[in-house]
Amino acid sequence: MEIQKIILVLYFISSPFAVSTWDIAVAVGNEIQFLNSTGSIVAHISESMGTLQALTYNPEQQLIFFSDNELTNGSIFSFQVSSSKTNPITYHNLKAIVTEQNDTVQHLAYDYKTQILYWTNGYGHQIKWLKLNSTDSPQPGQILHNFKSKVTAGIAIDSCKRYLYWSNSQTYGATIERSLLDGSKLEVLINENLDQPLGIVLDQSSQRMFWIDDLRGNSYKIESATFTGQDRRTVIHGTHHQPFALTVHGGYIYWTDRTNNDIWRLPVEANNTLDPIRVLDMKSLPMGITSSNQMMSNNLNLECNDVVEPTLKKINATIETVSPSTIEKATNLNINVSDYCLNQGLLKSDAITCNCLPQYTGNRCEIDLCHNYCSNGICEVDSSGFPRCRKCSEGWSGDKCEISVCYNYCVRGSCIVERNSLIPKCQCQEGWSGDRCEISHFEKQNFENQMFELCENYCRLYTSSEKQHESLSLPNCKCSNDIKVGESNSSASNDYITYGEYREACVWKEVNEVLLLTLGLLCVVLLILVLLLTKKVLTLRKRPRIKKRIIVSKNITPLTCRPQPEQCEITIENCCNMNVCETHP
């Protein structure tokens, strides 16, 4: 048995698939980045892409499948990628395979035995499938499972035992489930202690499944169990991550983190005692992730021999390289194909053109958009393709890190910034002082001399006749009580306000003047209002008044023919005949 396993591994290593120049592929923003296991970017593809989400790989035909949430000509697309040790990564045949869906495609899974692509659609509550190569035009796909309330999220395939696994992230009803690939034998494997399980992946070498659980708050878990849901273990329970998808490669679990825009990894045998290792810090939001050697783990499982061996033979028969026409054109230009695209650009297989990383442009990706863009900082290219300064060096600011914190800071002196502090300091020229060298020594000395003479004379006057000169009191002078009449106040040299106190007093004086002026204007306005109201009151008093006289009499001639009752009748005499009476002074 051991010899058979070794033979299978050697057979796999000898296949062209084993020499792939990339290990991990990640959907980041509007591009797919190809990385090696250490996190270095090998290549990227971003042509005609919108906002990417799900990602999976078909090693048999070297097809990348991805979902796009922005494009209107489809929701799931594919392209063929090829690579070798001598030739760069190339891609071709980018096309839509699934028509635009009403619900967002969450995750993808591919069965290379039946060539069927499966996907989940979240709140569409469905798992759908499509058999590839049945037609050249994109198809809507067919429904495998249609649930009432379950939120389908992650999805994975056991091509050996013909099972389909998925996660249900329904609130207060989350589960890990599976069924046969035809939809029969549906069973719930795990339904306890789950919050929001998202991505799920199977590792044939360890015979375990791994899934991400986005917990409430800022916590998360990565857990594992056997393919039947037994022997549940916690790989890591951490905080400040928001994982979305995960994959297994070379004995490590890799996952995308939407909080920090990072790729992390941990050994598959981790038991919540190890800290995750940051593989790469992304510039945009990472979503789907897949591995290039998904069949490697299958090779180590002898139950998969009937599936793996035919597939490996197809890989040998369908190996893709750079098209001969491209190699011939490059040879005529005396250019090595592997060196044609610079700065990790990707050579297209149908022509000598390069698909460049966002930071580069030009026919061969030879122009760096960030070249000399940031004067004193780190440059990067945003999702719109424009350079910007991500971080300025200490002591610099501005859109291009061109403005020093010392700019126009010192009035009369030179500015310096200490290494351990971002606070600028001034070294003043001779004759100047202050935090920003704004105080002239000549002006200061001249003021102090004048104050000295004024205070000396005042203090003599103050001590000779204190009461007589109270009206001449100078609060800015501080006189000693033991000064005698006629003596020079030698102690007055240091007994008056300083220049700084004087400048502060001047500021307060200006403020007081403004306040007094404002209050004065307010009083004038109020006085005018009082005068206007007084005039209005006097005018109203001069208006004429109408006087009415009421005569009350008894037993007078009635005004009607009715019998006269025994009561009083009130006759109102209106001398003005119901009109306004004319009045005379």
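Each residue of the range 146-158 was assigned a 3J(HN,Hα) from its phi angle through the Karplus curve 6.51 cos²θ - 1.76 cosθ + 1.60 (θ = phi - 60°); the sequence is 10, 9, 7, 9, 5, 9, 6, 10, x, 8, 8, 10, 9 Hz, with glycine and proline shown as x. Near E366, the amide H atoms lying under 5 Å from its own belong to T361; only residues 5 or more places off or on other chains count, and H is placed 1.01 Å from N. Residues in the range 132-143 carry Karplus couplings, in order, of 7, 6, 7, 7, 7, 8, x, 10, x, x, 10, 8 Hz; the curve used is 6.51 cos²θ - 1.76 cosθ + 1.60 with θ = phi - 60°, and Gly or Pro positions show x.
The length gained on full extension between L517 and H92, counted as 0.36 nm times the residue separation minus their Cα-Cα distance, comes to 145.0 nm.
Go ahead and run the numbers for FRET between I528 and L454, Cβ-Cβ distance against an R0 of 56 Å, rounding to 0.05.
0.85
Phi angles across the range 242-259 convert, under the Karplus curve 6.51 cos²θ - 1.76 cosθ + 1.60 with θ = phi - 60°, into 3J(HN,Hα) values of 10, x, 10, 9, 8, 8, 10, 8, x, x, 10, 9, 10, 9, 9, 10, 7, 7 Hz, Gly and Pro given as x. Summarising the label geometry, the points placed 7 Å from Cα in the beta-carbon direction at T99 and E394 lie 6.2 nm from one another. For F244, the residues whose modelled amide H falls within less than 5 Å of its own, excluding neighbours fewer than 5 places apart on the same chain, are T256, R258. Annotation: for a label point projected 7 angstrom from Cα along Cα→Cβ of T228, residues of the range 160-176 with backbone N closer than 16 Å are 161-163. Structure note, pairs K131/K221; K400/K425; K148/K185: Cα-Cα distances above 30 angstrom occur for K131/K221. Scanning residues 5 or more positions from E100 or on other chains, those with amide H under 5 Å from its amide H are G74, S75, with H placed 1.01 Å from N in the peptide plane. Between K283 and N363, the FRET efficiency from the beta-carbon distance, with R0 = 22 Å, is close to 0.35.
All of the numbers you see were taken from the coordinates with simple rules; none came from a lab. Just so you know, these numbers come straight off a predicted model, no measurement behind them. When we count neighbours, we look across all protein chains shown, and the Cβ atoms used for this are built from the backbone with ideal geometry, even at glycine.
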